[in-house]
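Trainee: The following block contains the structure, expressed as structure tokens.
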Amino acid sequence: MRVVIIVCLFLLSICTCSISYAFDCGKLDFGAKLTDIDDGNFVLYKQADGVSYYNYVGNCRLLVHKNACPAISYAFVDGQYYARIIQISERNKQDTLNVMKASFGPDVKTTKSGEWTIYSSKMSEDVQIKIKCNDRTGVVKSATYSIKLRAQLAKSLKNDPIVQYDK
């Protein structure tokens, strides 16, 4: 009888527990191996110059989802999580700058390259974010990556994924 009660309690606890996922899209776990974080929801859509690009089709909510409908890609080099790349259509660049300053402080570097305005800031000692706003079309592209991992992996790549996001 005890065994039946224990089994029933065990099954009840399984049913009431929330499902945990191996991958948390909000966590920037750069350097993690794809094999360790893949919960079956990564879909490969492109391989170029040693970089594998994936869409994540699992449950994912980021701060950017409050204001936009982003296209989010994850770049892996040698099976390691290298960068998160986001693209949004029709955003005001001043709104983008205001959100960056609110999130990362006033120390946001701004540069201009043709019709693109580029904002960059350090999210932490090792994590960099670059956001490009097309002044003509309103398209916004961002890349978030580990500075150390970028330096380490960039040696074996023809083209850096962070540079490729410009295309």
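Trainee: What number, in nm² with one decimal, is the all-direction average of the projected area of the convex hull of the alpha-carbon atoms of the stretch 24-165?
Mentor: On the way: hull surface 33.8 nm².
Mean shadow area of the hull around the Cα atoms is 8.4 nm².
Trainee: Run the 1.4 Å probe and let me know the accessible area of C69, rounded to the nearest 10 Å².
Mentor: 120 Å²
The values are calculated or read from the model by the stated rules, or taken from the named source; none is laboratory data. In this text, all values refer to a predicted model and were calculated from it rather than measured experimentally. These accessible areas exclude ligands, DNA and RNA; they are computed on the full protein's heavy atoms, side chains included. Shrake-Rupley method; radii C 1.70, N 1.55, O 1.52, S 1.80 Å.
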